[in-house]
Amino acid sequence: MKTIQHSDVLTNEILEKKKQGLSIGFVPTMGALHKGHFSLIRKCKSENDICICSIFVNPTQFNQKSDLEKYPRTPEADADSLRTYNCDILFAPAVEDIYPDGMEYDLEIDLEGLDETMEGEKRPGHFKGVVQVVKRLLDITRCDKLYMGQKDYQQFTIINKLISVFNMSVQLIVCPTERAEDGLALSSRNARLTEKQRRKASIIYRVLNQSKIWLEEGLSPVEIRYRAMEYLDLPLFHPEYFHIVDGYTLSRVSNPDNHKVVVACTAVWTGDVRLIDNMILKGQLNQ
Ligand code: AMP
């Protein structure tokens, strides 16, 4: 595996590979890699000649400085794992490499409200930062396929919009959420849970599953949301939101019959750790 720290070096290397007719797959991450990330790497590796993984903790997508500071960083272990999964190129740039002219947001893009609900509402500016960094990373890597997790449902929906607005010739591949045995979605933030919080955290997955059953039984989204928020309100846990939305527009669903894909998305606090998860309750995403 090659480790590259400078974007111009990476772009030159990729252009050379493309001249040879090789296909390029790309997995952007913020590091502290776990099995969720590795499932993306495996798929990327199996579908492309060259697999690039970036590790970049993007300051512009953190709306709280403390969250950025506390974000886990495990560079040596990450590089070892990527080698094990036969990743070809690790791109590990410095902040100045990605933002040579400063971190000011400079994209003209209408996300048609996708960035205003759920995570966007609770974390102002977060998706601007995500769109900004992913646009730059796509420009640098010139990849044919981009791999992202369903775990961050709103994020991949917004990146899909970015790709279509800029008419970029990259295909977004969404990979299923990898979970621990008890159902908790794997996340770098799970490392910050106490033993007690971790033991109880599978409630999020259980409530999502239960919502699917409630929907199948004919309960209205309003009723499901109300029940789910109640179930998630436990000692040590505090649900921030639980929304039932259209799988493409992310608008709230009142009548599921009017939507092909219906998704439940939630964010739950435990101590100072914020966990997000989602589940498709109806339909299937077209890829
Ligand atoms: P992050 O390092 O948290 O920015 O995540 C990098 C990529 O890995 C994103 O596309 C995430 O959606 C994806 N990802 C994170 N956790 C999981 C998981 N448990 N299962 C599948 N993909 C994941």
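Label-to-label distance for L15 and A94 is 2.4 nm, based on points extended 7 Å past Cα in the beta-carbon direction.
Rounded to the nearest 20, the size of the Cβ-charge dipole of the range 188-279 about its Cα centre is 420 debye, with Lys and Arg at +1 and Asp and Glu at -1.
Between amide H atoms placed 1.01 Å from N, distances below 5 Å from Y241 occur with A267, all of them 5 or more places distant or on a separate chain. The Rg/Rh ratio for the chain is 0.96, where Rg is the radius of gyration of the alpha carbons and Rh is the Kirkwood radius.
Per residue, the chain exposes an accessible area of 48 Å² to a 1.4 Å probe, with every protein chain left in place. Close amide-amide hydrogen proximity is noted between K151 and T177, each under 5 Å apart and 5 or more residues distant or on a separate chain (H modeled in the peptide plane; Pro and chain starts excluded). With the convex hull of the Cα atoms taken as the outline of the range 1-90, the averaged projected area works out to 6.1 nm². Length available on full extension from I109 to S46: 0.36 nm per residue minus the Cα-Cα distance, which gives 19.4 nm. The local environment of R198, defined by Cβ-Cβ distances under 14 Å, has a net charge of +3 under the rule Lys, Arg +1 and Asp, Glu -1. Split the accessible area of the chain by element, probe 1.4 Å, and carbon with sulfur accounts for 47%.
Scanning residues 5 or more positions from S54 or on other chains, those with amide H under 5 Å from its amide H are V27, T29, F91, with H placed 1.01 Å from N in the peptide plane. For the chain, give the magnitude of the charge dipole about the Cα centre (Cβ charges: +1 Lys/Arg, -1 Asp/Glu; no others), in debye to the nearest 20. Dipole about the Cα centre, nearest 20: 800 debye. Checking the Cα-Cα distances for K35/K151; K45/K161; K135/K161 against a 21 Å cut-off, the pairs over it are K45/K161. For the chain, the relative contact order works out to 17 percent when only alpha carbon pairs closer than 8 Å and six or more residues apart are counted.
Rounded to whole numbers, the Karplus 3J(HN,Hα) couplings from phi for the range 186-200 are 5, 7, 4, 6, 4, 4, 8, 7, 6, 4, 5, 4, 4, 4, 8 Hz, using 6.51 cos²θ - 1.76 cosθ + 1.60 with θ = phi - 60°, and x at Gly and Pro.
The values are calculated or read from the model by the stated rules, or taken from the named source; none is laboratory data. Not measured: the values here are computed from a predicted model. Heads up, the Cβs are rebuilt from the backbone with ideal geometry, glycines too, and the neighbour counts pull from every protein chain shown. Side chains included, ligands, DNA and RNA excluded: accessible areas come from the protein's heavy atoms. Shrake-Rupley method; radii C 1.70, N 1.55, O 1.52, S 1.80 Å.
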